[in-house]
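Data first, discussion second: the structure below is written as structure tokens.
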Amino acid sequence: MKFTRRTAIAAIAALGVTAVPAVAQQYPTKPITAIVPFAAGGPTDVVTRLVAEHMSRTLGQQIVVENIGGAGGTIGMSRAAAAAPDGYTIAVGNMGTQSAAPALYPNLKYDPATSFTQISVVNFTPQTIVSKKGLEPKDLKELLAYLKANSEKLNYGHAGVGSISYVSGFVFNAQFGFKPALVAYKGTGPALNDLVGGQIDYMVDQSLNVIPQITSGTIKAYAVAHPERIAALPDVPTTKELGVDFIFSAWNAMVAPKGLPKDIQDKLLDALSKALDDPAIIKRYEDLGSTAPKGADRGPAGLQKLVESEVARITPVLKAAAK
């Protein structure tokens with residue numbers, strides 16, 4: 001073949017077309033850091049480690065979980081937002097860091113809706129309304145009536161400002177007009193210990209957190225704030241079946257710094273989806289009282305829609321309460 005200027009340009013163009021996929025195919029070439037903005041052992045940490053181990057096998061590189069706690073998870077998420085968008089730093093935030101934080105932290109260094117490349121929701125976990133074992137009400141309707149008459153004399157425990165139990169409790173108390181004293185703890189564990197011990201009266205927290213205490217009979221469960229009963233608590237009714245208009249699920253979500261290349265975003269989503277579709281992980285989720293996102297809830301668009309809707313729902317409640 002005669003080598004002309006035209007054939008040379010065509011050859012260079014062909015090289016350029018094939019070079020980009022070749023680079024994309026190489027990712028990842030080193031371990032990936034997954035920031036969990038809470039202490040090890042908590043719900044977000046447990047779920048992250050569960051899917052990260054599976055994703056590591058799919059991607060061929062280890063995902064190393066790094067716990068960076070503090071300020072309701074906002075320190076870790078700020079670190080993630082400021083990282084290089086090269087696919088080697090990802091983060092798993094939750095409903096608090098990705099929807100409630102803007103209302104709770106005026107000087108927040110990130111915007112949940114615009115500071116990240118969204119990857120996907122990782123799991124949903126319905127909230128469960130629980131109390132100390134000795135509280136008088138026997139069912140949810142009795143509890144609501146009791147709280148309406150006595151909430152100002154009672155203590156509501158939570159795992160710190162910005163935590164899921166803080167946010168869900170705020171929404172629950174505001175919706176029904178309850179005004180208990182809020183007792184903050186440095187994590188869910190200490191709060192549950194005092195609920196078991198009777199030092200605080202009630203909580204609204206993730207089913208994942210309270211299943212052991214409910215099944216052992218050391219605390220009382222009134223309802224799961226969900227449309228359907230969950231497998232891990234088959235004997236606990238839902239708010240919907242009891243005719244109470246309170247549905248509230250916590251969620252965790254995987255994100256990366258803003259500007260992540262689309263091909264890397266797709267690889268991470270593919271690896272996460274494979275993990276979420278694994279029967280072993282589905283079963284583990286059921287044991288934790290949790291579910292994986294499906295259909296339109298999975299992926300960047302579903303997560304973006306969720307973040308924006310949750311910010312719009314939760315912000316007015318938290319700001320009104322602060323006045």
For L104, indicate whether it is surrounded by 20 or more Cβ atoms within 10 Å (Cβ to Cβ), among the hydrophobic types (A, V, I, L, M, F, W, C) and either more than 26 Å from D278 (Cβ to Cβ) or assigned by TED's automatic domain parsing to the domain that holds S151 (or both).
yes
For a quick check of your reading of the model, give me the residue pairs whose first member lies in region 150-166 and is not assigned by TED's automatic domain parsing to the domain that holds A103 and acidic (D, E), whose second is at pLDDT 90 or above and open to solvent by 30 Å² or more (accessible area, probe 1.4 Å), with beta-carbon atoms closer than 9 Å and at least 6 apart or on different chains.
E152/K179; E152/A181
Flag for A256 being assigned by TED's automatic domain parsing to the domain that holds D287 and among the aliphatic types (A, V, I, L, M)
yes
Of all residues in region 229-247, count the ones that are at pLDDT below 95 and in contact with a Phe, Trp or Tyr (Cβ under 7 Å, 6 or more places away or on another chain).
0
Looking at region 54-70, can you tell me whether even one residue there is more than 20 Å from Q265 (Cβ to Cβ), open to solvent by 40 Å² or more (accessible area, probe 1.4 Å) and part of a helix (DSSP H, G or I)?
no
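Of the residues K186, K153, K220, which single one is farther than 22 Å from P102 by Cα and open to solvent by 60 Å² or more (accessible area, probe 1.4 Å)? Before the answer, list the steps.
On the way: K186 fails: farther than 22 Å from P102 by Cα; K220 fails: open to solvent by 60 Å² or more (accessible area, probe 1.4 Å).
Every option except K153 fails the conditions.
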In this structure, is L143 open to solvent by less than 70 Å² (accessible area, probe 1.4 Å) and either over 17 Å from D205 (Cα atoms) or outside the structural domain of A103 (by TED's automatic domain parsing) (or both)?
yes
Can you find even one residue in region 229-237 that is within 23 Å of G96 (Cβ to Cβ) and either touching a His at 6+ places or on another chain (Cβ under 8 Å) or not hydrophobic (A, V, I, L, M, F, W, C) (or both)?
no
If you take the residues in region 249-259 that are in contact with a Phe, Trp or Tyr (Cβ under 7 Å, 6 or more places away or on another chain) and of a type outside the set (A, V, I, L, M), which one is most open to solvent (accessible area, probe 1.4 Å)?
K258
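Scanning for something of a type in the set (G, A, S), in contact (Cβ under 8 Å) with a residue 12 or more places away in the chain and closer than 20 Å to Q175 by Cβ, does region 199-211 turn up at least one residue?
Let us first name the residues in region 199-211 that are of a type in the set (G, A, S), namely 207.
Retained after the next criterion (residues that are in contact (Cβ under 8 Å) with a residue 12 or more places away in the chain): 207.
Applying the additional criterion that residues be closer than 20 Å to Q175 by Cβ yields 207.
Looking for residues that are of a type in the set (G, A, S), in contact (Cβ under 8 Å) with a residue 12 or more places away in the chain and closer than 20 Å to Q175 by Cβ, one finds at least one in region 199-211, hence yes.
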Provide a single number: the residues in region 32-53 that are polar (S, T, N, Q) and buried (at least 23 other Cβ atoms within 10 Å of the Cβ).
2
Condition check for K262: surrounded by fewer than 16 Cβ atoms within 10 Å (Cβ to Cβ), assigned by TED's automatic domain parsing to the domain that holds T48 and either hydrophobic (A, V, I, L, M, F, W, C) or under 19 Å from the mean Cα position of the chain (by Cα) (or both)
no
For region 82-101, which residues satisfy the criterion of being open to solvent by less than 20 Å² (accessible area, probe 1.4 Å) and part of a helix (DSSP H, G or I)?
M95, G96, T97, Q98, S99, A100, A101
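Select from region 166-183 the residues that are more than 16 Å from A223 (Cβ to Cβ) and of a type in the set (V, I, T) and write down the one among them that is surrounded by the most Cβ atoms within 10 Å (Cβ to Cβ). Quick ask: steps written out before the conclusion?
Taking region 166-183 and keeping what is more than 16 Å from A223 (Cβ to Cβ), we get 166-167, 170, 174, 177, 179-183.
Now restrict to residues that are of a type in the set (V, I, T): 167, 183.
On the way: V167: 29, V183: 16.
Across region 166-183, the extreme among qualifying residues is V167.
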Selection count where residues are hydrophobic (A, V, I, L, M, F, W, C), open to solvent by less than 70 Å² (accessible area, probe 1.4 Å) and touching a helix residue (DSSP H, G or I) at 6+ places or on another chain (Cβ under 7 Å), scope region 277-323:
9
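The values are calculated or read from the model by the stated rules, or taken from the named source; none is laboratory data. Just so it is clear, the structure is predicted and the values come from calculations on it, not from any experiment. Cβ atoms come from the backbone with ideal geometry, glycine included; neighbour counts cover every protein chain shown. These area figures cover heavy atoms from the full protein model, side chains too; ligands, DNA and RNA do not enter into them. Shrake-Rupley method; radii C 1.70, N 1.55, O 1.52, S 1.80 Å.
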